[in-house]
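Report on the following structure.
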Amino acid sequence: MTGSDVRVRRVYEPPSADDGTRVLVDRLWPRGLSKEAARVDAWPKDLTPSTELRRWYHASSGDFEEFARRYESELAAPQAAAALDGVRTLTEAGRVTLLTAAKDPDHSHTAVLRRLLLA
């Protein structure tokens, strides 16, 4: 089943043997983390929210559902949609772990991505 095994983890947590394909879904490389320690398999930057949307969400302590709606709208753009399709393809091959530096992954873009990949 497509997207049947998609996990979300903080990139600062040590990699696990059962992570499957590790996909960094942040626009910027995580501060203080080496590429070797992160063990990232893919980094589709076109999948990340726009700078404007991130600033709006963090500056206004914006409503998560409104953030999710706006982010899903951004994901409909051609480059973002292609990046999302690329991650969907990875889910067909096995487990995918979405990696983020966000302190609250359940209220970040990773939760939106996971929901879309599981749909």
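The numbers here are math on the coordinates, done by the rules we state, and not lab data. Quantities reported herein were computed from a predicted structural model and do not represent experimental measurements. Don't worry about glycine lacking a Cβ; one is built from the backbone with ideal geometry, like all the others, and counts go over all protein chains shown.
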Inset, instruction - Note down the net charge around Thr110, summing +1 for each Lys or Arg and -1 for each Asp or Glu among other residues with Cβ under 12 Å from its Cβ. - result: +3
Legend entry - Rh by Kirkwood over Cα pairs, then Stokes-Einstein D for region 1-55 at 1.002 mPa s and 20 °C, µm²/s: 169 µm²/s
Inset, instruction - Kindly put His109, His58 in sequence by how many other C-beta atoms sit within 10 Å of each C-beta, fewest to most. - result: His58, His109
Inset, instruction - Let me know the shape class of region 29-96, please: from the alpha-carbon gyration tensor, a ≥ b ≥ c as square roots of the eigenvalues, rounded when a/c is under 1.5, otherwise prolate if a/b is greater than b/c, or oblate. - result: oblate
Inset, instruction - Would you work out the relative contact order for region 6-118, in percent, from Cα pairs under 8 angstrom that are 6 or more residues apart? - result: 45 percent
Legend entry - Structure-based [θ]222 nm, the chain - -39500 (n - 2.57) summed over DSSP H runs of at least 4, per residue, nearest 500: -12500 deg cm²/dmol
Legend entry - Where a label projected 7 Å from the Cα of Lys45 along Cα→Cβ would reach, residues of region 71-104 with amide N under 15 Å: 79-80, 83
Inset, instruction - Using only the Cα atoms of the chain, each taken as one equal point scatterer with no solvent, compute I(q) by the Debye sum, divide by I(0), and report log10 of the ratio at q = 0.09, 0.11, 0.20, 0.21 Å⁻¹. - result: -0.22, -0.33, -1.13, -1.24
